[in-house]
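> For reference, the structure I am asking about is given below.
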Number of protein chains: 2
Amino acid sequence: MSGPTVRGLGGPGSRAARGQEVVRRSNRSAVLSHVHVAGPTSRAELTSKLALNRSTIGDLTAELVTMGLVTEEPPEEQPARSARRTGRPSLVVRPRPDVTALAVALEVDRITVALVGLGGVVLRRTSRRHRPGQHDVRHVVDAVTRQSEELLEPGGYTRCVGVGVSIPGVVRRTDALIRFAPNLGWVDAPFPELLSKELGMSVVADNDATLGVAAEHLRGAAVGVEDVAYVRSDIGIGGGVISGGKLLHGAQGGSGEVGHLLVDSRGLECRCGATGCWETKVGVDRLLTSAGRLPGGGSHAVEEVLRAAEAGDERCAEAVDEAAYWTGVGLANVVTAFDPRVIVVAGVLDQVWRARPDVVHDGIGHASRIALLEEVDVRSAGLGEDSPLIGAAELALAPLLADPVGEDPA
Amino acid sequence: MSGPTVRGLGGPGSRAARGQEVVRRSNRSAVLSHVHVAGPTSRAELTSKLALNRSTIGDLTAELVTMGLVTEEPPEEQPARSARRTGRPSLVVRPRPDVTALAVALEVDRITVALVGLGGVVLRRTSRRHRPGQHDVRHVVDAVTRQSEELLEPGGYTRCVGVGVSIPGVVRRTDALIRFAPNLGWVDAPFPELLSKELGMSVVADNDATLGVAAEHLRGAAVGVEDVAYVRSDIGIGGGVISGGKLLHGAQGGSGEVGHLLVDSRGLECRCGATGCWETKVGVDRLLTSAGRLPGGGSHAVEEVLRAAEAGDERCAEAVDEAAYWTGVGLANVVTAFDPRVIVVAGVLDQVWRARPDVVHDGIGHASRIALLEEVDVRSAGLGEDSPLIGAAELALAPLLADPVGEDPA
């Protein structure tokens, strides 16, 4: 409530010149960000969407072409429309997908690395399973380095601006130290720093579900929604929240760790050390063992259990109903704490919710009266399993999008 | 990430004129907001704090004087300093406390109404107990109206800009409908609308703890803290959160309802209908009955139990330890969900925390490993029991502070 947001005009000439450069940088960022998110856009549309002059847009896009960040081409002929038109058609501005970031998604049983281009296109990807006991930080750094080099080597891609990493744990924002990743057994692991040395590129990292909610809000099931929670479960459960349009981080990067909210005081001890956390109740291995299967099967094994339940296998049906009930109880915590308009679910939570939406809603209602005020809108992730991966790419691309020239112009 | 935040300069003259008026309005708001929060401030300090020209500040304060919102006076003589000074001393700008808002704090057993002046000064207040069974909406409207008229009648105050109400429940932001206030037994109560008709003034309302955290952030124990949770307990427990400097509301106004997060699956049924909510474990009546006292005694009775525990009364000591443990378990939920740097506690939570900080911290550690990453800084509310009341006044004053002239200049 204190402090002005707009200052008086005037002052020496150099300040005005700096002001113009600030405006220009902001406009450059707006154009590149627009085509990055919305895809190919004509100059005419950019002029109207960004409320800038035609000549300003022309200058900006020409500059971005020179910098190798976008291309400009005449639109494909559309005979019906072109007949009605007079004058030259407006050039279409496309983000160049050969401007890329490396995105890394660390999961408990899998490492995925992808080369993602401007526009959010996954150009190449590699995904490797790794077993429990292979979570030594050094070992993971080596594995990610190998997978990254496979993607980069044969490329001929003009530019990789950096690396973004999705982590199933609490990441400190100031220095990207991994404070706590219970399912990897990591405490204060300097993973991004080590990876950066290995790859010789800048590495940024954030919590998987925080990246997931950002990606779903940008390109997935929650575009335009101001209050959204994203929850995903494979082995653990992670949560990320956008509230009032703003991504929540918390003081230590631990906001939205809803997998460690209590759902059952009589429950099992969690890997985090507490008792009865949500993630002790819903997860791949928990569902598989409840259904009488061996753990470690991944989402395909979960699908098999869901099909067996559907086909009348009683033990599987009970296991699915139980998972659906606890999915609801945990979602009730999410609603009580954050009051989202939309909850985006991914992983086992999504599979279970699609199989038994009625049981999930019973669980929500049992545990939260607040959730009953309006129907909570539960949706499957629009980007499927890739939300954290895409979010990691966006994190790595963010500095380029914010300032396409950068301090050291190309 | 899409859309520009700064637009190209230029355009027709009317646009430039409009721009100047926007800047002027913003500066006017900055000056009034500054003295409202920081208290009397010299023109020289305003010039430096707000980074505006001396003459601009002079124009703005003169305008605010004309509008009856501030006064300007020479500073009181400070002989030691004035000897060193040359030229006229800078005038001191003070907010006028006779520009007021009515603040109403509805609690389960009490209604407080206060006349709060610019600068955040409580000028007059009236507080009345009311018993369970007197929560009929009409009855409460009448009681608040009577108390308000008592405060306004003998005043001679120049200006009351509106009414702000603090509600122990979920308030919809769009129309201030009280969606759910379980401890008052209200569902979809149009309390603000009814009160507005009765008083003939605009009435705004929000959740008590949301107003509480805003007030603590502005004037209390969390000034300058970007990630803060405020929790208070009397009969129920309310929570409000500022994350990354931004007040959280949620889609329905229900964000931060941490009193209804689960702490004990074997617990009692809550007034909200769920089982084992935090507020079934910690509260005035719960503590009094555990200590073998009659319920309904309020915070003085709680103090008496704390003193008895201190003096060696075993039953009281057990009751306090139990409350402290569950205070910790509930705070662990707050940390797990929101990851605040500071938790501001008020009411019974504050009393219990001050009596047994060690037991509270044990409870936090038992229930959350994330909370152990850094010591969570628990602080007593800087505004004591008044945070929601002061927050309600700020809510009512906010339109004046944002635009001191308003659409219809005085």
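> Going by what's in this entry, would A:Leu331 be described as touching a residue at least 60 places away in the same chain (Cβ under 8 Å), in contact with a Ser or Thr (Cβ under 6 Å, 6 or more places away or on another chain) and aliphatic (A, V, I, L, M)?
So A:Leu331 fails the test.
> Would you be able to tell me the number of residues in the range A:51-66 that are part of a loop (DSSP other than H, G, I, E, B) and either more than 32 Å from the chain's Cα centre (by Cα) or at pLDDT 95 or above (or both)?
So the answer is 1.
> Ok, one more. Hey, A:Leu395 hits all of (1) touching a helix residue (DSSP H, G or I) at 6+ places or on another chain (Cβ under 6 Å); (2) more than 27 Å from B:Asp264 (Cβ to Cβ); (3) modelled with pLDDT of 95 or more but one; which does it fall short on?
(1)
> Only one of B:Gly365, B:Gly283, B:Gly328, B:Gly347 is crowded, with 19+ Cβ neighbours inside 10 Å, closer than 24 Å to A:Glu257 by Cα and small (Gly, Ala, Ser). Can you tell me which? It would help to see each step written out before you state the result.
Values: B:Gly365 fails: crowded, with 19+ Cβ neighbours inside 10 Å; B:Gly283 fails: closer than 24 Å to A:Glu257 by Cα; B:Gly347 fails: closer than 24 Å to A:Glu257 by Cα.
One residue alone meets the criteria, B:Gly328.
> Across the range A:243-256, what is the total count of residues that are in a strand (DSSP E or B) and either at pLDDT below 95 or touching an Asp or Glu at 6+ places or on another chain (Cβ under 7 Å) (or both)?
Let us first name the residues in the range A:243-256 that are in a strand (DSSP E or B), namely A:243, A:246-247.
Those still in the list that are either at pLDDT below 95 or touching an Asp or Glu at 6+ places or on another chain (Cβ under 7 Å) (or both) too: A:243.
So the count comes out to 1.
> Which condition number does B:Ile343 fail, the rest of (1) in contact with a strand residue (DSSP E or B) (Cβ under 9 Å, 6 or more places away or on another chain); (2) at pLDDT below 95 being met?
The single condition B:Ile343 does not satisfy is (2).
> In addition: Hey, can you tell me all the residues within the range B:54-75 that are touching an Asp or Glu at 6+ places or on another chain (Cβ under 9 Å) and either farther than 11 Å from B:Val93 by Cβ or among the acidic types (Asp, Glu) (or both)?
Result: B:Gly68, single match.
> Any residue at all in the range B:257-280 that is within 14 Å of chain A (Cβ to nearest Cβ), among the β-branched types (Val, Ile, Thr), assigned to a helix (DSSP H, G or I) and within 21 Å of the chain's Cα centre (by Cα)?
The answer is yes; a qualifying residue exists.
> Identify, please: which residue in the range B:227-256 is surrounded by 24 or more Cβ atoms within 10 Å (Cβ to Cβ), facing chain A (nearest Cβ under 8 Å) and small (Gly, Ala, Ser) and is, among those, farthest from B:Val284 (Cα to Cα)?
If we take residues in the range B:227-256 being surrounded by 24 or more Cβ atoms within 10 Å (Cβ to Cβ), facing chain A (nearest Cβ under 8 Å) and small (Gly, Ala, Ser), then B:Ala251 is farthest from B:Val284 (Cα to Cα).
> Between A:Ala309, A:Ala346, A:Ala319, which is part of a strand (DSSP E or B) and of a type in the set (Gly, Ala, Ser)?
It is A:Ala346.
> Do we have A:Cys270 as in contact with a His (Cβ under 9 Å, 6 or more places away or on another chain), surrounded by fewer than 24 Cβ atoms within 10 Å (Cβ to Cβ) and under 18 Å from A:Phe180 (Cα atoms) here?
Spelling it out, A:Cys270 is indeed in contact with a His (Cβ under 9 Å, 6 or more places away or on another chain), surrounded by fewer than 24 Cβ atoms within 10 Å (Cβ to Cβ) and under 18 Å from A:Phe180 (Cα atoms).
> Those residues that are surrounded by fewer than 24 Cβ atoms within 10 Å (Cβ to Cβ), touching a Gly at 6+ places or on another chain (Cβ under 9 Å) and not in a helix (DSSP H, G or I), I need them from the range B:380-393; list them, please.
B:Gly382, B:Leu383, listed by residue number.
> A further question follows. Here are some residues: B:Val137, B:Val161, B:Val108. Which one is surrounded by 16 or more Cβ atoms within 10 Å (Cβ to Cβ), farther than 22 Å from B:Leu383 by Cβ and either over 19 Å from the mean Cα position of the chain (by Cα) or at pLDDT 85 or above (or both)?
B:Val137
To keep it simple, each residue is scored yes or no on (1) more than 30 Å from A:Val22 (Cα to Cα); (2) in contact with an Asp or Glu (Cβ under 9 Å, 6 or more places away or on another chain); (3) outside the structural domain of A:Arg232 (by TED's automatic domain parsing); (4) of a type in the set (Gly, Ala, Ser).
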| residue | (1), (2), (3), (4) |
| --- | --- |
| A:Tyr325 | yes, yes, no, no |
| A:Val334 | yes, no, no, no |
| A:Val345 | yes, no, no, no |
| A:Ala355 | yes, yes, no, yes |
| A:His366 | yes, no, no, no |
| A:Asp377 | yes, no, no, no |
| A:Ala393 | no, no, yes, yes |
| A:Leu397 | no, no, yes, no |
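> Still on this model: Going residue by residue through the range A:76-90, is there one that turns out to be modelled with pLDDT of 95 or more and in contact with a strand residue (DSSP E or B) (Cβ under 7 Å, 6 or more places away or on another chain)? Walk me through how you get there before you give the answer.
Kept after step one, since they are modelled with pLDDT of 95 or more, are these residues of the range A:76-90: none.
So far as the range A:76-90 goes, no, none of its residues is modelled with pLDDT of 95 or more and in contact with a strand residue (DSSP E or B) (Cβ under 7 Å, 6 or more places away or on another chain).
> Further, regarding this structure: Do we find a residue being in contact with a Gly (Cβ under 6 Å, 6 or more places away or on another chain), within 12 Å of another protein chain (Cβ to nearest Cβ), assigned to a helix (DSSP H, G or I) and of a type in the set (A, V, I, L, M, F, W, C) anywhere in the range A:216-226?
Among the residues of the range A:216-226, not one is in contact with a Gly (Cβ under 6 Å, 6 or more places away or on another chain), within 12 Å of another protein chain (Cβ to nearest Cβ), assigned to a helix (DSSP H, G or I) and of a type in the set (A, V, I, L, M, F, W, C), which makes the answer no.
> Here's another thing I want to ask about it. Condition check: at pLDDT 95 or above, out of contact with any Cys (no Cβ under 6 Å at 6 or more places or on another chain) and within 10 Å of another protein chain (Cβ to nearest Cβ). Does A:Val70 satisfy that?
no
> Right, next: Test A:Ala311 against the criterion of being under 25 Å from B:Leu261 (Cα atoms), among the small types (Gly, Ala, Ser), out of contact with any Pro (no Cβ under 7 Å at 6 or more places or on another chain) and more than 14 Å from chain B (Cβ to nearest Cβ), and give yes or no.
Working: under 25 Å from B:Leu261 (Cα atoms): no; among the small types (Gly, Ala, Ser): yes; out of contact with any Pro (no Cβ under 7 Å at 6 or more places or on another chain): yes; more than 14 Å from chain B (Cβ to nearest Cβ): yes.
In short, no.
> Suppose we filter the range A:271-283 for residues that are in contact with a helix residue (DSSP H, G or I) (Cβ under 8 Å, 6 or more places away or on another chain) and either closer than 22 Å to A:Asp321 by Cβ or not assigned by TED's automatic domain parsing to the domain that holds A:Asp350 (or both); how many remain?
7
> If you go through the range A:27-40, how many residues are surrounded by fewer than 16 Cβ atoms within 10 Å (Cβ to Cβ) and either at the interface with chain B (Cβ under 8 Å from one of its Cβ atoms) or free of Cβ contacts under 8 Å to residues at least 40 places away in the same chain (or both)?
So the answer is 1.
> With the structure loaded, tell me whether A:Ser243 is among the hydroxyl-bearing types (Ser, Thr, Tyr) and outside the structural domain of A:Val335 (by TED's automatic domain parsing) or whether it fails that test.
Taking the combined requirement at face value, the residue does not satisfy it.
> Related question: Do the conditions hold for B:Val405, that is, is it at pLDDT below 95, more than 9 Å from chain A (Cβ to nearest Cβ) and either part of a loop (DSSP other than H, G, I, E, B) or farther than 30 Å from A:Val171 by Cα (or both)?
Answer is yes for this residue.
> Ok, one more. Which condition number does B:His217 fail, the rest of (1) in the same structural domain as B:Arg341 (by TED's automatic domain parsing); (2) modelled with pLDDT of 95 or more; (3) not charged (D, E, K, R) being met?
Result: B:His217 passes all but (1).
> It is to be established whether one or more residues within the range B:297-320 are basic (Lys, Arg) and within 22 Å of A:Gly276 (Cβ to Cβ). Explain how you work it out, then say what you get.
As a first pass, look at the range B:297-320 and keep what is basic (Lys, Arg): B:307, B:315.
Still in the running and within 22 Å of A:Gly276 (Cβ to Cβ): none.
No - not one qualifying residue is present in the range B:297-320.
> Quick check on this structure: which one of B:Ala189, B:Ala181 is under 15 Å from B:Val137 (Cβ atoms), of a type in the set (Gly, Ala, Ser), outside the structural domain of B:Arg271 (by TED's automatic domain parsing) and touching a Pro at 6+ places or on another chain (Cβ under 9 Å)?
Step by step, each of B:Ala189, B:Ala181 is checked, and only B:Ala181 is under 15 Å from B:Val137 (Cβ atoms), of a type in the set (Gly, Ala, Ser), outside the structural domain of B:Arg271 (by TED's automatic domain parsing) and touching a Pro at 6+ places or on another chain (Cβ under 9 Å).
> Go through (1) over 21 Å from B:Ala215 (Cα atoms); (2) surrounded by 19 or more Cβ atoms within 10 Å (Cβ to Cβ); (3) modelled with pLDDT under 90; (4) of a type in the set (A, V, I, L, M) and name the single condition B:Val93 misses.
Of the numbered conditions (1) over 21 Å from B:Ala215 (Cα atoms); (2) surrounded by 19 or more Cβ atoms within 10 Å (Cβ to Cβ); (3) modelled with pLDDT under 90; (4) of a type in the set (A, V, I, L, M), the odd one out for B:Val93 is (3).
The values are calculated or read from the model by the stated rules, or taken from the named source; none is laboratory data. On a predicted model such as this, the values are computed, not experimentally measured, just so you know. Note that we place each Cβ from the backbone using ideal geometry, even for glycine, and neighbour counts take in every protein chain shown.
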